[in-house]
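The values are calculated or read from the model by the stated rules, or taken from the named source; none is laboratory data. All values reported here derive from a predicted model rather than from experimental measurement. Here the Cβ positions follow ideal geometry from the backbone for every residue, glycine too, while neighbour counts run over all protein chains shown.
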């Protein structure tokens, strides 16, 4: 799968407005949950940044390459982080049907 290059920025795919705010909140929540799941109480700034960048990289791919909507992107960030932090390549879901926040992986 092609990963969006540096020229495609967050603002080009998520213009200022509600979607950018929802993405920001979704990334922040996913990063926070990942630390909770690993019982990390005092993560370093570098680790916070690393996890944030993982989410942003995939958000750009989901939006730019796959044309996903914001809710689907936000719903998938926990799975992205879990996979990446375990060191296993993340596999984009191949489900034909998607329902917001349905809990399916």
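So residue 85 clears everything in (1) under 12 Å from the mean Cα position of the chain (by Cα); (2) in contact (Cβ under 8 Å) with a residue 24 or more places away in the chain; (3) not in a loop (DSSP other than H, G, I, E, B) except one condition, right? Which one?
The single condition residue 85 does not satisfy is (1).
Hey, could you check the stretch 3-22 for residues that are in a helix (DSSP H, G or I) and in contact with a helix residue (DSSP H, G or I) (Cβ under 6 Å, 6 or more places away or on another chain) and say which is modelled with the highest pLDDT?
22
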